[in-house]
1. Among the residues of region 355-371, is any in contact with a helix residue (DSSP H, G or I) (Cβ under 6 Å, 6 or more places away or on another chain), buried (at least 23 other Cβ atoms within 10 Å of the Cβ) and assigned to a helix (DSSP H, G or I)?
2. Give the number of residues within region 178-197 that are part of a loop (DSSP other than H, G, I, E, B) and free of Cβ contacts under 8 Å to residues at least 40 places away in the same chain.
3. Quick one: would you say residue 319 is part of a helix (DSSP H, G or I) and buried (at least 22 other Cβ atoms within 10 Å of the Cβ)?
4. Give the number of residues within region 205-235 that are touching a helix residue (DSSP H, G or I) at 6+ places or on another chain (Cβ under 8 Å) and within 17 Å of residue 188 (Cα to Cα).
5. Using beta carbons and a limit of 6 Å, which pairs, at least six apart or on different chains, have the first residue in region 237-263 and assigned to a loop (DSSP other than H, G, I, E, B) and the second one modelled with pLDDT under 65 and surrounded by 12 or more Cβ atoms within 10 Å (Cβ to Cβ)?
6. Are any of the residues in region 267-280 at pLDDT below 90 and touching a helix residue (DSSP H, G or I) at 6+ places or on another chain (Cβ under 6 Å)?
7. Do we find that residue 319 is closer than 21 Å to residue 64 by Cα and either at pLDDT below 95 or in contact with a strand residue (DSSP E or B) (Cβ under 6 Å, 6 or more places away or on another chain) (or both) in this structure?
8. Go through region 372-389 and report how many residues are at pLDDT 95 or above and either under 19 Å from residue 53 (Cβ atoms) or surrounded by fewer than 24 Cβ atoms within 10 Å (Cβ to Cβ) (or both).
């Protein structure tokens, strides 16, 4: 398959990503309060309006004001810990420090140019980092209060981005353990699911593991080639194609399956959707696959379904978790795809986020972990054009 021939061309693209990362990190380290960088030669203009920048500032301020400052969960953000159950969210613990949400919030500060102990929110990043490090178990699993593989992946990604900018050896040791845990828990399908070592896979979880592996590999952490190859094959095999539609799957009549979209699970024609397609395209980019028919079809699908997706999951549903993870991966997919796709997509999403922001600076998440999750995601999406985080680089 043509997609997989280039998978460990990861090494060549990564050298390019690594150069960008070093340049970006050096620029940030010397600043007390970072501003969005200007476009480089040959790049599209950075789309950061005053309203956009203000929304990011207000979101970061809300996150800072709502971080735990005392007690055993110091540095964390409180949220509902749980998992997706169809279109609902089944929480297993409420009012607990959420390691996945904490990692996402920490990334939001990093993406705004704030490092541990540096910048206006340096102390917030440092506290988040210490909490996440405290949740790394002896086998490398990053969990707290019953959190699962989603949170493990986001926490691993956060540690990778921090290590890439600080080179702290205490972070490196625990990060390597966390990455080894992802590698060791990959199943026979080439994917992952909610619980480690699960036999079945789930596209929404596969993508976050791949992005954690990508970030780790960017900064020199050991990641086996075979792990990425198998994950890439799982993703490609999950794409809805003309061939798969003609072949037919049990249960297809009950699910939306359109060419260009990606399945939740590749077997039995499970449902496909906008956020799963964004996840699939971003996962392939993260695996080093930059040219494949499934990517081209996926980008077209995302463009054609954007307005409908915003209507179904955005303001009307109070920032459903589908909305947040769909756009978190959607903007990454479009940014990597290039200016022709990126600018129109991002402008639409940005305007939607500006309308949805609450008066206190937060973003809603009525179905999901809660407003700390919605706010971290809203800020991260708006910060993609800032280009501070290496994982958001082309």
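The values are calculated or read from the model by the stated rules, or taken from the named source; none is laboratory data. Please read these numbers as outputs of a predicted model, since none were measured by experiment. Virtual Cβ from ideal backbone geometry, glycine too; neighbours counted across all protein chains shown.
1. No, that holds for no residue.
2. 3
3. No: the conditions fail for residue 319.
4. Here the count works out to 15.
5. 249/269; 251/269
6. Looking for residues that are at pLDDT below 90 and touching a helix residue (DSSP H, G or I) at 6+ places or on another chain (Cβ under 6 Å), one finds at least one in region 267-280, hence yes.
7. Criteria met by residue 319.
8. 9
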